[in-house]
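Here is the structure we will look at.
The values are calculated or read from the model by the stated rules, or taken from the named source; none is laboratory data. None of these values were measured; they are calculated from a predicted model. Heads up, the Cβs are rebuilt from the backbone with ideal geometry, glycines too, and the neighbour counts pull from every protein chain shown. Just so you know, the surface numbers come from the protein's heavy atoms only, side chains and all, with ligands and any DNA or RNA stripped out. Shrake-Rupley method; radii C 1.70, N 1.55, O 1.52, S 1.80 Å.
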Amino acid sequence: MTSTTEEVGVRPHPQRWAVLGVLCLSVMVVVLDNTVLNVAIPSISTGLHASTADIQWMINAYSLALAGLLLTTGSLSDRFGRKKALLAGLLLFGAGSAVAACAGSPQALIAARGFMGVGAAMLMPGTLAVLMQLFDERERPKAIGIWAAVTSLGFAAGPVIGGALIRNFWWGSVFLINVPVAALAIAAVAALVPESKDPAVRRPDVVGSILSIIGMVSLVYAVISVPEHGFGSPEFGVPVALGVVAMTAFAWWERHTAEPMLDLGFFKDRRFTGAVASGVLAAFGMAGSLFLLTQHLQGVLGYSPLEAGVRVAPMAIALLVTSNTLGQLVLKLGAGKAMLLGMTIVAGGVVLLSIGNTYPPTLAGLVLIGVGVGVAQPVAVNALMGSIPPERAGIASGLSSTLTELGSSFGIAVLGALLSARFAAALPDGVPSRSLSEALHSGADITVVRDAFSSGMSVSLVIGAVAVFLGGVVASVLLRRA
């Protein structure tokens, strides 16, 4: 299969579709690990005698490392080579997974999870950057659609795979499964992926890297402390203040240093700003909504982790079908209209989830979300990556992933806090409200507990839907003006 590549003036890479498969496999490793872990938490808690705080840090260590390093690793991949970054990231991720599988204490598992976060931060920016190098404008939307669909497929498949592993093996199997997949990806990257990097020789921006790490780690730490301490606590306020100061200093430094890690001029391009803004708002609404949905499927509708995972899968299937069949329609609509249409469909799906006290409306909502993401995500990624020089694709991808990670964290924290407040208010006096599981095992009327949770979830999901819709409006306005 051939295509024209007038925008770069070179012949297309003959193995570009095989390389795309390798990039998808690399991302799949990371996505699967996050969703598989959620299913394994009860078994890990029992097997390692882990406290609630230990479990939280097993999740948070990964998030902090990932969010804190994405900007720096994106910049380094541009400078030293995206293939090298992919290989190093897969190696670290696979090694961290092996250590996690054999961890004999909560502390060892927490350290391994942090190590895995470093590996994920190294490999993620390079996947999109390499994709942008290999595909021309005609083939790029389809390639991005496949990349996005595989990402969502990993999200949906994680609980299914995790549930099957936990049923048949011990908790460490959810990490051990990453090792052969990472090894396969390393071999494939080494054999197929061409090296690419920024031809300009830039000095490492050490000050910018330090400030970005301090800022992002502080902000994400503040957000993940909300469920335990609340928005009015020093545990939230102090790191938020530190994060804002550090990121303000980062912006000032990047404007005044001779060789900035991040060119803030990217934000002058409405395509870039629109894609980033929509990504943050979509991540806020979708991450928070799907986080609550997984609890609802198990705690309210009574499905096992494996059954819940199977019932989330239609979202990924709808996304895969949409992204590979509606490409021409999206091109005819134009970027602005396509983004508004896609995000509106996603918002409608989230609204359906809010009334899903039975599975049929939940199924319809998941299918709508898949269709909407299948329309909007390729447009957003194409606008984002098409608005910056190809040689800076790594840092642009790193910035987008960083802000999306922050949006996801805020979505889970804010929508989770709203749910908790409504849930606690709707429960009878004396019923513990720290979690749905605790309330269900307290001896209280199960129907009352489930109704209280559903009521709280409905309000949170409506707010999530509004955030997603606003993301579509913002992106549509900016992309049309561009």
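Summary of values
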item	result
Counted residues, the stretch 271-326 - those being among the hydroxyl-bearing types (Ser, Thr, Tyr) and surrounded by 23 or more Cβ atoms within 10 Å (Cβ to Cβ)	4
Breaking point among (1) of a type outside the set (A, V, I, L, M); (2) touching a residue at least 24 places away in the same chain (Cβ under 8 Å); (3) assigned to a helix (DSSP H, G or I), for residue 180	(2)
Meets criteria (assigned to a helix (DSSP H, G or I), among the small types (Gly, Ala, Ser), over 30 Å from residue 387 (Cα atoms) and under 16 Å from the mean Cα position of the chain (by Cα)) for residue 68	no
Helices (runs of 4 or more DSSP H) wholly inside the stretch 372-482 containing at least 1 residues that are at pLDDT below 75 and open to solvent by less than 60 Å² (accessible area, probe 1.4 Å)	393-426, 436-440
Residue that is most open to solvent (accessible area, probe 1.4 Å) [pool: residues in the stretch 222-265 that are at pLDDT below 80 and over 27 Å from residue 412 (Cβ atoms)]	258
Inter-residue pairs, beta-carbon under 7 Å, first aromatic (Phe, Trp, Tyr) and in the stretch 420-447, second at pLDDT 70 or above, 6+ apart	423/452; 423/453; 423/456
Filter result (among the hydrophobic types (A, V, I, L, M, F, W, C) and surrounded by 18 or more Cβ atoms within 10 Å (Cβ to Cβ)) within the stretch 153-172	153, 155, 156, 157, 160, 161, 165, 166, 171
Single residue of 175, 135 found to be open to solvent by less than 60 Å² (accessible area, probe 1.4 Å) and touching a Ser or Thr at 6+ places or on another chain (Cβ under 6 Å)	175
Total residues in the stretch 73-117, condition closer than 19 Å to residue 207 by Cα and open to solvent by less than 20 Å² (accessible area, probe 1.4 Å)	4
Residue 171 being among the aromatic types (Phe, Trp, Tyr) and either over 26 Å from residue 71 (Cα atoms) or outside any helix (DSSP H, G or I) (or both)	yes
Matching residues in the stretch 327-349 - criterion: being crowded, with 19+ Cβ neighbours inside 10 Å, of a type outside the set (Gly, Ala, Ser) and modelled with pLDDT under 80	330
Tabulated pairs, the stretch 266-293, first more than 17 Å from residue 369 (Cβ to Cβ), second open to solvent by 40 Å² or more (accessible area, probe 1.4 Å) and of a type in the set (A, V, I, L, M, F, W, C), C-beta under 6 angstrom, 6+ apart or interchain	270/482; 271/482; 273/267; 276/403; 277/474; 280/403
